[in-house]
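Report on the following structure.
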Amino acid sequence: MTASAVTTRGGRAPAPPRERSERPRYWAYLAPMAAGFLIIVAIPLVMNVWFSLHNWQGGASEMTWVGLGNYVELMQDPTFWQSFRNTLYMIVAIVVVPTLVGLLLASVLFNLVAPRVGERTAAFLRGSYYLPQILPIAVAGFMWSWILDTDGGALNAVLTAIGVASPPDWLGSADVAIYGIMLMLIWLQLGYPVVIFMAALGRVDPSIYEAADVDGASWWSQFTRITLPELKPEIFIVTLTALVGALKVFAPILILTGGGPEGSTVVPSYYAYRNFFELSRVGYGAAISNVMALLILVIAIGMLVFQRRATDD
Amino acid sequence: MTGITRRGALKLGGAAVATPALLSLGACSPSEGSSGAKTLKILQYEDPTTPQGIGWKRAVELFTEKHPDVTVDLQQTSFDAVRQSAKITLSGNDVPDVVEFNKGNADGGQLAAQGLLTPITDVVAERGWDKKITGSMRSFAQYENGKAGSGDWYGVPNIGEYVTFFYNKELFAKVGANQPPASIPELEALMDTFLAEGITPISSSAATSQGFNQMWIWYSLVSAYATRDEIDDFMFTRAPIDFNADPWRKGTHQFQEWINRKYTGERISGLNFEQATVNWLSQNGAMVMWNHGVFTRAKNEAEFDWGWFTMPGANLTMGSSGHLLGVPEKAKNKDLAYDFIDLTLSEEVQNLIGTEGGLAIAGDTSLITDDLSRAYAEGFTPLMEGDLLSFYPDYPVTGFLDFIQEHMQKMSNGNETADEYLAALQKFYDAGLGR
Amino acid sequence: MTDKALVHHLSAPRAKGRPRVSTVIVVTLGVAFAVVMLSPFLLVAMNSFKSNADYSANGPLALPKALDLSAFERFLTLIDFPTALWNSVLVSGLVTLGGLLISVLAAYAIGIGRIKARTWVVAVLLIATMVPQEALVYPLFYGAQATSTLNTVWSVIVIFIVIQGAYGTYLLAGVLGTFPKELIEAARVDGASAWRILWRVVVPVLRPTLSVLAVFFFIWTWNEFYLPVVLLGDSSSQTIPIALATLRGQHAIEQTTITAGSFLSLLPTVIFFLIFQRTLSNGVTAGAIK
């Protein structure tokens, strides 16, 4: 391997020749993960593809070959397309808002609160923002159904108190239910970026901030010019994993709305679950999950390639 | 830096914890003990403080008296878990000997059709269970090709259920009603009076998940005008159904009327049945329509005078047998399983269930000491013996529950008319038959 | 420099004891926001201490009329809490440890060892986090059966070690990709093998990231419901979320009991989080550690 071939990978120091003989040994470290992946994910996935080529009611019933029939049906299924439209809302609620707000909160806590008020306060606030992630989703769902309750709920009580004339029927109206879900998801997800970003800020060289302070830069300007660029790796990580999470989101929909009202909050995962278990259409459910997995994979690879290009600049 | 990092220490700690755990788990191995002693494994999901749960506990005691060399392993699961995973888990090798499973074509019917349950017709005849379980009580214990109503027996119910209006006597008195209404028109007039006083007549719910009240009200109205044959044709898919004819047409249109006139309240599509119950218990509604779930809760928690009545003047009333006890095909101790089931149907256990407030299928209601419970059970007996129960609407076709719920929601929101619903219903039902 | 010193360097305090107006505003908003975030927990706590009658008569948003422990009593009689708690701790604990181990090993190969096609390897591993669980349930069930691990916690433990491990590998591989080469070079010059370098040089630097991962893994695994419900049919192997679910009947829901149970079940995870919280203030991505 020539030095130039190595440096095209982003200008890292060329590997010393001794490594070449050790490289085979690194594969051994990968072995446990690879073996686990094969058994737990790869083989079941292949089996899932096999299932999707049949009509099957599950359990001990017969499997009837239909080839690509399930996929053809899927492409024309309005519920399926609706579920993908809803995924866009999910992305806003799980990726966009929490990441942006999380960046702000992390920066405020780390660069404003911690130095001026104390680390304990910052840590306490961070903990309270993260706590929703700890609550079992079934419990969180119940709590939010009380909060979003139309007539007796906490949210509408607050809205009425501040003068809103006719607060929405959050979980009952097909027009607003998705927004109710988004509120809960933002609440649920916010802690994850805050924790990661605050941890990331710990590795940023403080002298950069000090220099900016000396120059009299405002907090906002420091945020946009120092914090954001420095945190690029973590922003990628959070965005990618949150994106995958948004495409896969399932439990909040199951608990809070069951895909309703009137099917307005169905998401692909939930639709697959219904087919697997309530409608006993295992083949069709398998097709849905395969299409989803494929889509997620394409998006993730896209992002990874994008990340690699961006950090290689 | 010396060897052990925090991570390393934790890992060692983990291994130290894991080893005894591994050993202890290995010791808890399945059925066969070392000396050949047997274990009877029962998997069920009844709350152990409910009448049926108490009855089964007693049945376990009686069983142990009868079979002192057998250990009984009474396992607790949930309705949801069984609904979701029974098909998978019962096709495995390590199955319970007695399993409680959900009645209906989508659940029990599927299990029967896939050969996961033992057909017990012979045992039923041998032990005389068919004398105790008669009429519509046995309809969902028998399945043929996955459809209930006929065929081999696959399970045995212990209790029955029926659906009634529960009403707040104090709110009724407030509008001058000292008796429950005697006919549906009277009921409607009463509800008009409630609305005039600003009281919600019926506390209801229509959320897609768990918002079943509207569905039960709709089906109760249909049942009010239906004949035995019409319901049986529908339930057991014995004959084509024309949903544009009565009783479907009449019941559904009346249901829409009730929604339009706000008898069932407003903005209920986000509520589930638990919230509807709480609304009634906190006196935000005069009536609620439900089964013994509310009966028990009202008995324990209501802070006002209350009572119940079935849909006045109805032909048939919603209700059915309870869920079923069956024996998986791969069970290892079938004879012991049959013994246990036999005990649940015994006089002692059935009477115990009755005295605890449950609707025992073969109990003696005169033995029930608590007045309320006895009255409730006595209300059930004529329905059971007269074959006047119309079951629950979601049993005939797979996926029916979600389908009906979705449309109940649409109708409750005013986004669908009765005719549109009936058309969709026709389509779904006919398609479901073809599956 | 320690982190504390770094932090205090960032902003020189004003005149003694006089906080800036902007600080007061920011902190107030932050605390208000925290209260909003925590309010559902308040609801859990409130409703755990109500009697059933109180809950039914006054609804879930009212304060309890009197503190009532009956919900807790009921919960503990209905559920074998110690067993469920032990199972949850065992499963979450072992998955956390196993997941960390498997991630460190794999990420070492990818980030430091720089094996070929590593972007593709990471992408493929990420599939494990992308696949919805219902797609895996049938095959995993049959697999658990075939290996006699069905109805034991081991089926669940192995599965989640792999699933969490995939996420961990992705995260750690990214971190190790920017690991300072000089440290490794120095160790290699000293004659250390790859194995020793991993444990003596790399892992200590990774500790902060590993702490973050430990928190995530523990909590994610603790709350898992779907696969465990299928694979853990036996009461003796049930984890807490499954045990909580048994309180939901088909036509009756014991709301105060469920809430009390949830309250009790929260305590271990909250405690775990509070312990590890302190370690979260260090970097996730290894940086310029001089």
In nm, spacing of pseudo-spin labels at A:L104 and A:A28 (7 Å Cα→C-beta vector)
5.2
Roughly how many debye, to the nearest 20, is the charge dipole of the range C:15-73 about its Cα centre, given +1 on each Lys and Arg Cβ, -1 on each Asp and Glu Cβ, and no other charges?
560
List the DSSP H helices in chain A whose Cα atoms stretch 27 Å or more along the helix axis and whose mean Kyte-Doolittle hydropathy is at least 0.5.
A:282-312
Lys and Arg at +1, Asp and Glu at -1: neighbours of C:S236 with Cβ under 10 Å from its Cβ sum to -3
Going by C-beta contacts inside 10 Å, put B:Y376, A:Y71, A:Y129 in order with the fewest on the left.
A:Y71, B:Y376, A:Y129
Taking beta carbons within 10 Å but only from partner chains, what does the mean come to for residues A:224-236?
1
Between the range B:169-206 and the range A:70-144, what is the C-alpha centre distance in whole Å?
45
Residue order, fewest to most surrounding Cβ atoms within 10 angstrom, among C:D68, B:D229, B:D94, B:D419
B:D229, B:D419, B:D94, C:D68
Using the Cα centre of the protein assembly as shown as origin and beta-carbon charges of +1 (Lys, Arg) and -1 (Asp, Glu), tell me which of A:M198, B:A86, C:Q145 is placed farthest towards the positive end of the dipole.
A:M198
Between A:L38, A:L159, B:N213, whose Cα lies farthest towards the positive end of the dipole of the protein assembly as shown when Lys and Arg beta carbons carry +1 and Asp and Glu beta carbons carry -1, centred on the Cα centre?
A:L38
Between C:A117 and A:L228, how high is the FRET efficiency from 1/(1 + (r/R0)^6) when r is the Cβ-Cβ distance and R₀ = 30 Å? Nearest 0.05.
0.45
Between the residues A:F84, C:L172, B:Q409, the Cα farthest towards the positive end of the dipole of the protein assembly as shown, that dipole coming from +1 and -1 charges on the beta-carbon of Lys, Arg, Asp and Glu, is from C:L172
Using a cut-off of 18 Å between alpha-carbon atoms, which aspartates and glutamates can reach B:K299, once sequence neighbours fewer than 8 places away in the same chain are excluded?
B:D47, B:E161, B:E170, B:E274, B:E356, B:D370, B:D371, B:E378, C:D54, C:E254
Alpha-carbon Debye profile of the protein assembly as shown, log10 I(q)/I(0) at 0.04, 0.06 Å⁻¹
-0.22, -0.49
Averaged over residues of C:25-34, the number of beta carbons from other chains lying within 10 Å of each residue's Cβ is 5
Near B:K262, which lysines are there with a Cα under 16 Å away, not counting those fewer than 8 places off in the same chain?
B:K410
In debye to the nearest 20, how big a dipole does the protein assembly as shown give about its Cα centre with +1 on each Lys and Arg Cβ and -1 on each Asp and Glu Cβ?
5920
Kyte-Doolittle mean at least 0.5 and Cα axial length at least 30 Å: DSSP H helices in chain C
C:21-48, C:81-107, C:153-177, C:255-277
Summing +1 for each Lys or Arg and -1 for each Asp or Glu, what net charge is found among the other residues whose Cβ lies under 13 Å from the Cβ of A:F80?
+1
So which helices of chain B fit the span-like rule, where a helix is a whole DSSP H run, its Cα atoms reach 20 Å or more along the axis, and its mean Kyte-Doolittle is at least 0.5?
B:6-27
Taking the alpha carbon gyration tensor of chain B, what are the square roots of 5 times its eigenvalues, largest first, to the nearest whole Å?
41, 27, 24
Going from the fewest other Cβ atoms within 10 Å to the most, one would list B:K174, B:K334, C:K116, B:K132 as C:K116, B:K174, B:K334, B:K132
Suppose each label sits 7 Å from its Cα in the direction of the beta carbon; what would the C:K65-A:D215 distance come out to in nanometres?
6.6
How far apart, in nm, are the 7 Å Cα→Cβ label points at A:S207 and C:K181?
2.3
If the convex hull is drawn through the Cα atoms of the range A:80-312, its volume per residue in Å³
146
Past 27 Å, Cα to Cα: identify those pairs from B:K57/B:K131; A:K248/C:K50; B:K103/B:K427; A:K248/C:K116; B:K131/B:K250, in the order given.
A:K248/C:K50; A:K248/C:K116; B:K131/B:K250
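Here, each number is a calculation from the coordinates, and none is a lab measurement. Every value quoted in this text rests on a predicted model; they were computed, and no experiment measured them. Methodologically, a virtual Cβ is constructed for each residue, glycine included, from the backbone with ideal geometry; neighbour enumeration extends over all protein chains shown.
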